[in-house]
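Reviewing the structure listed below.
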Amino acid sequence: MLHILRRRAQSKIIQLMVLLIAIVFIFWGVGSNYLSDRNAAVTVNSEEIPLQEYQRAYDRATEGLREQFGGVLPDKFHEMVNLKQQVLSQLVRSALLRQGGQTMGLQISPEMIRQEISTMAAFQDQGRFDLTRYRQLLAQNHFSPATFEAQLRDDMVRSASLKAIQRFARIPDDEVAQYTALAGEEIRLLSCSIGVEAFRDRVQPSDDDLTRFFAQKREDYRPGPQVKLQYLLFATADDLAAIDVTEDEIAARFTESAQRFSRPETRRARHILLRSGADPVALRSQAEQILQQLKAGADFVELAQKHSQDSGSAPRGGDLGPFSRGSMVPSFEDAVFALKPGELSGIVETDFGLHIIKLEEIQPAQEQTLDQVHGQLAQEIRQERAAQQTMARAAAAYEEVIRAGSMSAYATQWQGSLRETDYFDREHPPEKFMQDGRFLDSTFRLQSGELSSLTEIASGYVLMFAQDLRRPEAPALEVVHDKVRRDFIRQETRNLVRNMATELLDKARAGGDLTEPAKQLGLHAVTSGAITHDPANQAASGLPPALLREAFKLSGAQPFPAEVFESGEAYFVFQLLERHSREQNLDGKKREQLRDRLLDGRQEALVSSWLSTLEAQSKILTNKQLLR
């Protein structure tokens, strides 16, 4: 229904419908929440999940993906990952988890909710629950206590449901023993990597090659859709000037957020790590030899680069960067905080192995005063209040646009600052604020004649109406000749290298060895060290994790994979040289750590299976408009 209202917002009939609905609601005392509930995104066993909740979840998911991709999502990315269905599935499973808890008879009393709230640090002042602070923080985030506590109750039911199901998970001793044996498994590989870039010069396309390639791929070079918009921009900067902040408010904010302005002591250290798993006596002997070299004046950076098995810090000479207490495992941390700058530790043992540590520098703890952060806090408060006013202003305008029947009518009636664009595509928005990924995502989800929902952007809020959409024709080959040529060379080079790797694999399999056929093709096969299931060990091997997963499936009878392995800009051919298992003598602590990791996985699988069963037994109705 909401989708239809947005698409037909220009219609006089819809304008009249909105007015009539509003009159009926006012007459019967029905608020806007009723309208929201009737517009469900999905219904799970008669429980309706409102469109607004779906939209918030969708926006959160989009924002999370955007952060992962550096701020901009590729064109049609939402469709490629089927984000709408993913978000709906998440909401359905959340509802099922809550309903399942209710079916099990799990009860969350008002007293349990009060206790949970009283322990939340955000609502405490000097370690005690502060009712005034509680109400202020809820108001700042547009929550009433009743709404917040209802949501908290649902969260607590879900949490209790999870714990109830997870209690059924068990890891018997014989399973721990099986995984212990697996942890001791080692393989050595002979591998040959063929990089695509090295063979790019071998592909020299003719004009006919490019013409045929372009004819096959013509649609790939067609520009993306272009949209022509009307829009209303509600900028937070326009509301800032009218915001006043008192000294008491600034002082209160400083008290509330004192932790932000205090920095604990940090220390920067280097270490050399020798990972546990090998012969403990030989490992300690190696550590003692390295320590003696360091005491004799050897360069720590050079020895770390040469010997350390911490793949993250070894290339940096073992540099771990600055860290404070609570960041490292206790024995390592205690050793670091007992050193003075320039000093070496002895041999320090942790679950990771043996460490030799050098302390580089100490940054003392610091605390900023109210005077130092006064301006920052004043600006924060002004910005927050201005954002609230902007949101209220934008929401009121949105309602008036619906009532007016069109953005043009609204602008005439309310003297709104309506703006229009020419046609533009996602890569070339005409205004700076339009570069915001949230604006682009919302805009290019619109159909022609559709009104958007209010879209939050960095500078405020924006409301858009898609006047028209068009998709330009594919350009002539001459216009995109250079790109077509690059794409052709990329494709044909990959084909060339893939065929070369396949030929190498066939010859190696036929002869039972990879070394000689690699030489015949001018390639070099590399013998690995011992590779285990430990992620750090695998990272140090330099081979792709997915390749190693396949390698552990090989055997003496079948030492070659079924096909070449592709990873990024390279193709790999590999051969299993040997496989054996080392006896793992885990002490009680490490055995329990392994059991805990296995239990986590078992609990996750058990909850997933339970939810799948509930889903199959439930009546779930999805708003089909959302999946269009």
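What residue, among those in the stretch 449-475 that are of a type outside the set (A, V, I, L, M) and in contact with a Gly (Cβ under 9 Å, 6 or more places away or on another chain), is surrounded by the most Cβ atoms within 10 Å (Cβ to Cβ)? Restricting to residues being of a type outside the set (A, V, I, L, M) and in contact with a Gly (Cβ under 9 Å, 6 or more places away or on another chain), the top hit is F465. E420 meets the conditions (1) closer than 23 Å to R60 by Cα; (2) out of contact with any helix residue (DSSP H, G or I) (no Cβ under 7 Å at 6 or more places or on another chain) in every case but one. The failed one is (1). The single residue among R188, R98 that is out of contact with any Phe, Trp or Tyr (no Cβ under 9 Å at 6 or more places or on another chain) and more than 30 Å from E569 (Cα to Cα) turns out to be R98.
Per-residue answers, yes or no, for (1) modelled with pLDDT of 90 or more; (2) more than 26 Å from K590 (Cα to Cα); (3) among the charged types (D, E, K, R):
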{"site": "S311", "(1), (2), (3)": "no, no, no"}
{"site": "D334", "(1), (2), (3)": "yes, no, yes"}
{"site": "K340", "(1), (2), (3)": "yes, yes, yes"}
{"site": "E349", "(1), (2), (3)": "yes, no, yes"}
{"site": "E360", "(1), (2), (3)": "yes, yes, yes"}
{"site": "P364", "(1), (2), (3)": "yes, yes, no"}
{"site": "T390", "(1), (2), (3)": "yes, yes, no"}
{"site": "A411", "(1), (2), (3)": "no, yes, no"}
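Is the stretch 50-58 home to any residue that is in contact (Cβ under 8 Å) with a residue 12 or more places away in the chain and within 18 Å of the chain's Cα centre (by Cα)? Taking every residue of the stretch 50-58 in turn, at least one turns out to be in contact (Cβ under 8 Å) with a residue 12 or more places away in the chain and within 18 Å of the chain's Cα centre (by Cα).
The set of residues in the stretch 554-566 being surrounded by 11 or more Cβ atoms within 10 Å (Cβ to Cβ) and over 16 Å from A501 (Cα atoms) consists of L554, Q558, P559. Checked against (1) surrounded by 14 or more Cβ atoms within 10 Å (Cβ to Cβ); (2) in contact (Cβ under 8 Å) with a residue 60 or more places away in the chain, Q538 passes all but a single condition, namely (2). Of the set (1) over 30 Å from G601 (Cβ atoms); (2) part of a helix (DSSP H, G or I); (3) of a type outside the set (A, V, I, L, M), all apply to K163 but (1). Residues that are out of contact with any Phe, Trp or Tyr (no Cβ under 9 Å at 6 or more places or on another chain) and farther than 16 Å from K358 by Cβ within the stretch 313-340 comprise P315, S324, G326, S327, P330, S331, listed in sequence order.
Could you check the stretch 476-497 and list, in sequence order, the residues that are more than 17 Å from D201 (Cβ to Cβ) and crowded, with 16+ Cβ neighbours inside 10 Å? L477, V480, V484, listed by residue number. Is it fair to say G437 is in contact (Cβ under 8 Å) with a residue 12 or more places away in the chain, over 23 Å from F77 (Cβ atoms) and assigned by TED's automatic domain parsing to the domain that holds R393? Answer is no for this residue.
Looking at A387, A365, A409, just one residue is exposed (fewer than 13 other Cβ atoms within 10 Å of the Cβ) and among the small types (G, A, S), and that residue is A365.
For the stretch 97-133, residues that are basic (K, R), surrounded by fewer than 18 Cβ atoms within 10 Å (Cβ to Cβ) and in contact (Cβ under 8 Å) with a residue 24 or more places away in the chain total 1.
Quick check on Q379: is it modelled with pLDDT under 90, of a type in the set (S, T, N, Q) and either part of a helix (DSSP H, G or I) or over 30 Å from D244 (Cα atoms) (or both)?
When the stated conditions are applied, Q379 does not pass them.
Of the helices (runs of 4 or more DSSP H) lying entirely inside the stretch 186-289, the ones with 2 or more residues being closer than 30 Å to F565 by Cα are found at 207-217. Scanning the stretch 301-313 for any residue that is charged (D, E, K, R), in a helix (DSSP H, G or I), surrounded by 15 or more Cβ atoms within 10 Å (Cβ to Cβ) and within 30 Å of the chain's Cα centre (by Cα) turns up nothing.
For the stretch 325-362, the candidate set comprises residues that are charged (D, E, K, R) and outside any helix (DSSP H, G or I); within that set, the residue that is surrounded by the fewest Cβ atoms within 10 Å (Cβ to Cβ) is K340. Being touching a residue at least 12 places away in the same chain (Cβ under 8 Å) and acidic (D, E) is the filter; apply it to the stretch 294-338 and report the residue that is nearest to A530 (Cα to Cα). Looking at residues that are touching a residue at least 12 places away in the same chain (Cβ under 8 Å) and acidic (D, E), I get D310. Taking the stretch 255-300 as the range and being among the aliphatic types (A, V, I, L, M) and either at pLDDT 90 or above or under 30 Å from D371 (Cα atoms) (or both) as the test, the residues that pass are A258, A269, I272, L273, L274, A287, I290, L291, L294, A296, A298.
The values are calculated or read from the model by the stated rules, or taken from the named source; none is laboratory data. Since the structure is predicted, the reported quantities are computational estimates derived from the model, not experimental observations. A quick note on method: Cβ atoms are made from the backbone with ideal geometry, for glycine too, and the neighbour counts reach across all protein chains shown.
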